[in-house]
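Please read the structure below before turning to the comments.
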Amino acid sequence: MLEARTRLTWALVLVVGFLTVCPVVMLALGSLSEGLTAFGRFTTAKYVAAYTDPAFFGVMVNTVIFVLGSSVLATVLALFLAYLNTRTDIPFKFLFGVLSIIPMMIPHLLFSVSWALLLNPSNGMINTVLKNALGLAGAPFNIYTLEGMILVEALLDLPIAYLIIAPAMASFDVALEESSRVCGASAWRTLVRVTLPILRPAILAAFILGLVRSLASFAVPQVLGMPGRVNVLATYLYEMISLGFSTDYGKAAAVGMSVLATSVTLIYIYRAFTSESERFVTIAGRGYRPTMIELGRARIPLFGVVAVLSLAMIVLPVAVLLYTSFIPYSMVPGARAFSMMSLKHWQAVLNDPLSMLALKNSVFLAVAGATLGVFLSVFVGYAIVKVKSRASGILESLSFLSFSFPGIVIGVGFMWFFVQTPLYATIWALLVGYIATYLPYGVRPMASAFVQIHSHLEESSLVCGASHLTTMRRIIVPLLVPGIVAAWILMASMFLRELTLSVVLSRPGTEVLAIQILKFADDGLWGKLSALGIIMILISTALVVLATLAGRRYARGMAVAD
């Protein structure tokens, strides 16, 4: 049995290693090659051209400001919300659950577009209302700025930061703070000397993960940065490979190598902080009592702040898309706008062959890709948790590596690989790229599920004469259903809305929904964009519901059969 597990683990190391290491190797080789048609003719000219480009310094400055600004803002907001939710008597705490889950289901591209519709300086709805109400000559807000990009990216990263900080805040023993105050420390000194140091791993982990996510972000810089001529590394790379008459994949690979190295380094720093969290445990089996802080008169104002954040993150993005999909052109809501509503944009989208092809491709990639990804994740999760060996350690590192891959950067690496194979310019190239990039989203839930299953269950089944296949089918899989459903939903949602990898690998005939929506945005077709965006959100929601119902039905069926 041990030998079979070892063989399985090493086989998985080869498969996952191919998916994760191969594009990195091809990216490195591509950065040293003269071009796609001259692969293998090595030169350092691409690095020289990339890092001596006069525009590169300005792009780097914008990137640093954008990444640091959005990460700091997201972490501060998450810390503020986590404190209110876990430590105070603020009303309607269910809003925090909504804040932490629902925004993750709204594609970043659509979220960015919705804020462009609200705050663009020419005819943004909020700007138009304020201009008319206050008699202003110009728009008071301009979302096409670095500040606007930071705000929107921070709102997108806030849910992830909250999910990291809130559990640590909830398990913090407030007796430590009380002891500090009894000893004469002020509230501010207690916060700085006691609370924040103990929460440091969670805060730093949220901040570093925010750095990784904003560094890899493409939707916000593309939709909000490019119209305002604010370039960051993601859009700088996009311009190299998608705009103009002479795309330079070698130069893009040279820039991408530094982005990839930075992202991988940040991810391993993040893992170091999360793996050492036991050093900061403050709750033992005795003496812990969670204490709620009474806000008094501040309850309602603070709840108003949370309500405004909920409005900005959930209600406004979806509402503005739905509204825009029914009106002929951008206009402020009113009697005239409502009288002009029609299904014109919906009919145009549903009758558009390219939009329907993109819809078909995205659904196929979401369903087939998530299914294959979860199938692989089950075996990888099993090897990581149940097989304690050198190979399983290597497998865990490889499976986590792709979490640090910025989509547009690793897309360039896959481009260098696929162009040498028959997979180039096919839907299968996207399928392989998606699974490789988002494999951690399947492995993490499966590994967590396997941790909950004691090895005695498997061993008892084998001792009683059941085969490995029967044991897996009758014992392990039914217990894994919640983890399988969670992993499938995560991967399907990611595949359906994927943009950054698609802008590099997608070719005519393999367009996906995100690419088609991006084309509508570039052409200013906001009505069609909104209609197609709402369709994307509906399909994503339907996949989540169907997967959840299927998981529950399977679990009930297995319970009846047993």
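The values are calculated or read from the model by the stated rules, or taken from the named source; none is laboratory data. All values reported here derive from a predicted model rather than from experimental measurement. Neighbour counts are summed over all protein chains in view; Cβ atoms, including those assigned to glycine, are modelled from backbone coordinates with ideal geometry. Accessible surface areas use protein heavy atoms only, side chains included; no ligands, DNA or RNA. Shrake-Rupley method; radii C 1.70, N 1.55, O 1.52, S 1.80 Å.
Tabulated data for the structure shown
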read-out	value
Some residue of the stretch 411-429 being closer than 25 Å to Ile484 by Cβ and touching a Gly at 6+ places or on another chain (Cβ under 9 Å)	yes
The stretch 125-147 residues that are outside any loop (DSSP other than H, G, I, E, B), paired with ones that are open to solvent by 40 Å² or more (accessible area, probe 1.4 Å) and modelled with pLDDT under 85 (beta carbon under 7 Å, 6 or more apart)	Met125/Val332; Thr128/Val332; Val129/Val332; Leu130/Leu136
Search result, residues across the stretch 186-229 that are at pLDDT 85 or above and either of a type in the set (Asp, Glu) or in a loop (DSSP other than H, G, I, E, B) (or both)	Ser217, Phe218, Met226, Pro227, Gly228, Arg229
Test: residue in the stretch 163-176 that is farther than 15 Å from Val223 by Cβ and at pLDDT 85 or above	no
Residue list for the stretch 53-88, restricted to those being at pLDDT below 90, in contact with a Leu (Cβ under 6 Å, 6 or more places away or on another chain) and either among the charged types (D, E, K, R) or within 30 Å of Met536 (Cα to Cα) (or both)	Leu77, Ala78
Scope the stretch 314-342; condition assigned to a loop (DSSP other than H, G, I, E, B) and within 25 Å of His108 (Cα to Cα); matching residues	Ser325, Phe326, Ile327, Pro328, Tyr329, Ser330, Met331, Val332, Pro333
Entirely in the stretch 447-562, the helices (runs of 4 or more DSSP H) that have 3 or more residues that are modelled with pLDDT under 65	455-463, 526-561
Residue selected from the stretch 406-438 under the condition outside any helix (DSSP H, G or I), among the polar types (S, T, N, Q) and in contact (Cβ under 8 Å) with a residue 40 or more places away in the chain, by the criterion least open to solvent (accessible area, probe 1.4 Å)	Thr426
